[in-house]
Structure formats: C-alpha cells, structure tokens
Amino acid sequence: MAATAECGSLSPSVPMSDIMRELTPDEVTAHAANVARDGFSIMTDAIDARFADEIRDELERLQRVRPGGDIPPGPFTGQVTRRWFDLLNDADVWQRVAVHPWIMQVLPHVLGEGFLLSTMGSAVIGDGEPAQPIHVDDSVYAFPRPHPNLVCNTMWALSDFTEETGATRVVPGSHLWARDPDPMATYATVPLAMPACSIALVVGSCYHGAGLNRSGRDRIGLTINYCNGSMRQQENLMLGIHPARMMTFDRELQDILGFKVCKGAGHIFAQDPRIEMTRHYGGLEARDAYLEMRDAVHYERLAGSQAGPESTRSSDGAKD
Ligand SMILES: O=C(O)CCC(=O)C(=O)O
C-alpha cells in the first residue's frame with residue numbers, strides 16, 4: 001500500500017536491530033524521566049519506513065481476512081475502529097514489532113527487568129469515531145493508586161497523530177494521582193501529537209483515551225502493551241501461541257512471552273523454564289493446524305455481525 005507519510009530512510013528488509021541505531025544512554029534516561037514525570041514520552045523516527053510499510057500492508061491483509069477487526073463494535077473499543085489481536089499468529093512482522101529495540105531499551109527503566117509482553121493490538125480509528133472514554137490501562141489489576149508501574153503501553157503512529165486525526169489524549173501527571181479515573185468526568189487532556197513513525201510510551205496509570213477522529217481518513221495506530229514481570233499478561237499469550245510456533249521465535253521474544261524467570265516467578269522445578277521448554281517442545285514440527293481455520297471462525301467470534309472473509313492465511317505467517 002502507499003505510505004501515508006514519509007518515515008525515516010528506506011532500508012532493506014532485515015531485523016530492526018540491524019538497521020536502527022540504538023538509543024544513547026542519555027536518550028534512554030530522558031525517556032524514562034519523561035515517563036516518571038509526565039506519564040508519557042514520545043520517540044520520533046522510531047519506525048523505519050520499510051518496516052512501517054510492512055505493518056500497514058499487514059493491516060490491509062487483516063482487513064481482507066478478518067474484516068472490521070477481531071471484536072464487535074462497542075462504546076469503549078469503538079464503532080469504526082479496527083482492533084486485531086492475537087497478532088503473533090499472523091504475519092512474522094509482528095514478532096519484530098514486539099521486540100522493537102528502543103522499547104526494549106527503555107522499558108527496563110519503567111517496568112523493571114523481566115517485564116513481559118502483555119497484549120498486542122491494532123487501533124485503526126476510522127473517520128468520525130468519537131473520543132474514547134478516559135481510562136487507565138492498568139485497571140485490569142485493580143490495585144490501589146498510586147502504585148509502582150505495572151503496565152507500559154506503546155502507541156505506534158503509522159499515520160500522523162494530530163488533534164484532527166484523533167491522537168491519543170493524555171492527562172499529564174495523572175499517573176501520580178490517587179484516584180481512579182471517572183469515565184463521566186472531563187479532564188484537561190493534551191493530544192499526543194506525533195508524526196507518523198513515532199512511538200509514544202504511556203505508563204499504565206496515566207489517564208488517557210483515543211481522541212475524536214474528524215480528519216476524513218483513518219488514524220493508523222498500534223497499542224503494544226507490556227507489564228511488570230510479576231503480573232499476569234492481559235492477552236492469554238501462552239494459550240494463543242502454539243508451542244510449535246513459539247519455538248520458532250527469537251529468544252528475546254520467548255523471554256517476554258514468559259519463558260524466563262522474573263523475581264522467582266515463572267520457574268519449573270525451581271529451574272529456568274527454558275530447560276523444560278526445550279525438553280518438552282524441542283522436537284515439535286513448526287506447524288499449528290488450528291491456524292488454518294483461525295480466520296474462518298472470525299464470524300463466530302463476532303456472532304455473525306459481518307460478511308464472510310475473502311481469503312484465509314497459511315500457518316507459517318505468510319501473507320495470503
Ligand atoms: O488508540 C488510542 O489512541 C488509545 C487506545 C487506548 O487507550 C485503548 O484502547 O485502551
């Protein structure tokens with residue numbers, strides 16, 4: 001598809017870690033300090049142009065095979081917002097999204113060592129979508145506030161995030177407040193305005209919500225969400241990804257799925273889970289037969305609310 005905005009320089013299709021410079025220690029410190037002070041921080045030029053094109057192409061493919069997104073329309077998740085989940089079972093590009101090198105550099109300073117991937121979703125907000133209610137992303141844990149950082153969301157801008165397109169709105173400093181957000185209240189929000197190919201870190205206790213999109217076009221975003229290594233992941237990644245497929249992932253991704261001990265949690269036989277993981281899953285054929293029917297049951301998940309898929313996908317992550 002045609003890119004909606006220019007992002008960085010063109011690069012060959014190789015892992016992000018090979019084409020991106022690392023953040024300097026000062027940049028890492030600055031982003032972590034911004035998050036600690038304001039609740040958020042914006043990393044511009046975080047997504048290489050070719051990588052951004054690959055993700056946008058994949059979102060177009062998902063629209064063909066699971067039209068309208070993976071959940072029915074709703075007042076919180078949106079009427080014309082496409083949210084696809086379980087993305088690590090789709091094209092291989094999502095494996096690189098999950099371990100973006102800059103995110104992997106900053107998150108230990110926000111969530112501590114041993115943080116986990118919690119949930120990956122798209123947030124492609126259609127024209128006319130009203131503003132989302134102001135909320136926090138760590139409410140799933142229902143811990144009294146203020147509390148240590150449990151969640152950090154990363155908002156990926158694959159088109160320009162402006163006030164007009166429905167940039168995420170945040171309440172600066174609200175991550176330190178003692179009260180839960182009131183969905184009926186009006187808060188002094190500011191837009192997380194950022195050019196396409198930026199990524200914003202938003203700590204899970206920061207009040208925020210998607211803005212009204214009145215731009216006449218889609219606002220193309222991803223919400224890639226991580227949690228403290230002692231917390232349960234929001235998406236059931238252990239169930240969703242078949243061990244045979246998981247075993248093909250890079251070690252760094254396996255670690256943040258939970259195949260690593262964090263502060264004593266996640267062991268098997270009081271040992272590193274990798275030992276048992278290799279014994280248990282090491283000889284599996286790298287194929288998950290379920291993936292061959294996964295797109296076809298889309299309409300059952302949505303209770304028949306939309307028309308049938310145009311195509312299905314193969315189990316190896318290849319595009320149809
Ligand atoms: O899409 C956005 O700008 C924010 C999304 C969000 O906060 C959510 O879905 O929980």
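The values are calculated or read from the model by the stated rules, or taken from the named source; none is laboratory data. None of the values given here were measured: they were computed from a predicted structure. Here Cβ is always computed from backbone atoms with ideal geometry, including for glycine, and neighbour counts include all displayed protein chains.
This table checks each residue for (1) surrounded by 13 or more Cβ atoms within 10 Å (Cβ to Cβ); (2) in a loop (DSSP other than H, G, I, E, B); (3) within 16 Å of the ligand (Cβ to nearest atom).
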site	(1), (2), (3)
GLY216	no, yes, no
ILE220	yes, no, yes
ASN225	yes, no, yes
ARG245	yes, no, no
LEU253	yes, no, no
LYS260	yes, yes, no
GLU276	yes, no, no
GLU285	no, yes, no
ALA289	no, yes, no
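Return yes when PHE76 is of a type in the set (A, V, I, L, M, F, W, C), at pLDDT below 95 and in a loop (DSSP other than H, G, I, E, B) and no when it is not. Yes. Among the residues of the stretch 61-71, none qualifies, meaning not one is within 17 Å of the chain's Cα centre (by Cα), of a type outside the set (A, V, I, L, M, F, W, C) and not in a loop (DSSP other than H, G, I, E, B).
For GLU235, the conditions (1) closer than 27 Å to GLU54 by Cα; (2) not in a loop (DSSP other than H, G, I, E, B) all hold with the exception of (2).
The set of residues in the stretch 167-181 being over 22 Å from ASP45 (Cβ atoms), in a loop (DSSP other than H, G, I, E, B) and within 16 Å of the ligand (Cβ to nearest atom) consists of VAL171, PRO172, ASP180, PRO181. Tell me whether the stretch 199-211 contains one or more residues that are in a loop (DSSP other than H, G, I, E, B), away from the ligand (no atom under 14 Å from the Cβ) and on the phi < 0 side of the Ramachandran plot. Looking through the stretch 199-211, none of the residues is in a loop (DSSP other than H, G, I, E, B), away from the ligand (no atom under 14 Å from the Cβ) and on the phi < 0 side of the Ramachandran plot. Remark: pairs (first residue in the stretch 73-86, free of Cβ contacts under 8 Å to residues at least 60 places away in the same chain and farther than 20 Å from ILE134 by Cβ; second residue away from the ligand (no atom under 12 Å from the Cβ) and not in a loop (DSSP other than H, G, I, E, B); Cβ separation under 8 Å; 6+ apart in sequence or on different chains) = ARG82/LEU59; ARG82/LEU62; ARG82/GLN63; TRP84/LEU59; TRP84/LEU62. Can you confirm whether MET20 is more than 20 Å from ASN225 (Cα to Cα), touching a residue at least 24 places away in the same chain (Cβ under 8 Å) and either surrounded by 14 or more Cβ atoms within 10 Å (Cβ to Cβ) or more than 15 Å from the ligand (Cβ to nearest atom) (or both)? So MET20 passes the test. Residue count for the stretch 119-156, restricted to those that are crowded, with 20+ Cβ neighbours inside 10 Å, within 12 Å of the ligand (Cβ to nearest atom) and closer than 13 Å to GLY204 by Cα: 9. Flag set for PRO195, criterion: within 16 Å of the ligand (Cβ to nearest atom) and closer than 22 Å to ARG21 by Cα. When GLU129, GLU164, GLU113 are checked against the criterion of being closer than 19 Å to VAL80 by Cβ, touching a residue at least 60 places away in the same chain (Cβ under 8 Å) and more than 16 Å from the chain's Cα centre (by Cα), a single residue qualifies: GLU129.
Just checking, does the stretch 106-116 include any residue being aliphatic (A, V, I, L, M), part of a loop (DSSP other than H, G, I, E, B) and surrounded by fewer than 20 Cβ atoms within 10 Å (Cβ to Cβ)? Checked the stretch 106-116: no residue is aliphatic (A, V, I, L, M), part of a loop (DSSP other than H, G, I, E, B) and surrounded by fewer than 20 Cβ atoms within 10 Å (Cβ to Cβ).
On inspection, SER230 passes the criterion of being of a type in the set (Ser, Thr, Tyr), surrounded by fewer than 18 Cβ atoms within 10 Å (Cβ to Cβ) and over 22 Å from THR81 (Cα atoms). Taking the stretch 66-85, which residues are at positive phi and within 11 Å of the ligand (Cβ to nearest atom)? GLY78 - this is the single residue of the stretch 66-85 that is at positive phi and within 11 Å of the ligand (Cβ to nearest atom). Scanning the stretch 186-198 for residues that are in a loop (DSSP other than H, G, I, E, B) and not hydrophobic (A, V, I, L, M, F, W, C) returns THR186, TYR187, THR189, PRO195, SER198. Of TRP102, TRP84, which residue is within 15 Å of TYR226 (Cβ to Cβ) and touching a strand residue (DSSP E or B) at 6+ places or on another chain (Cβ under 6 Å)? The unique qualifying residue is TRP102.
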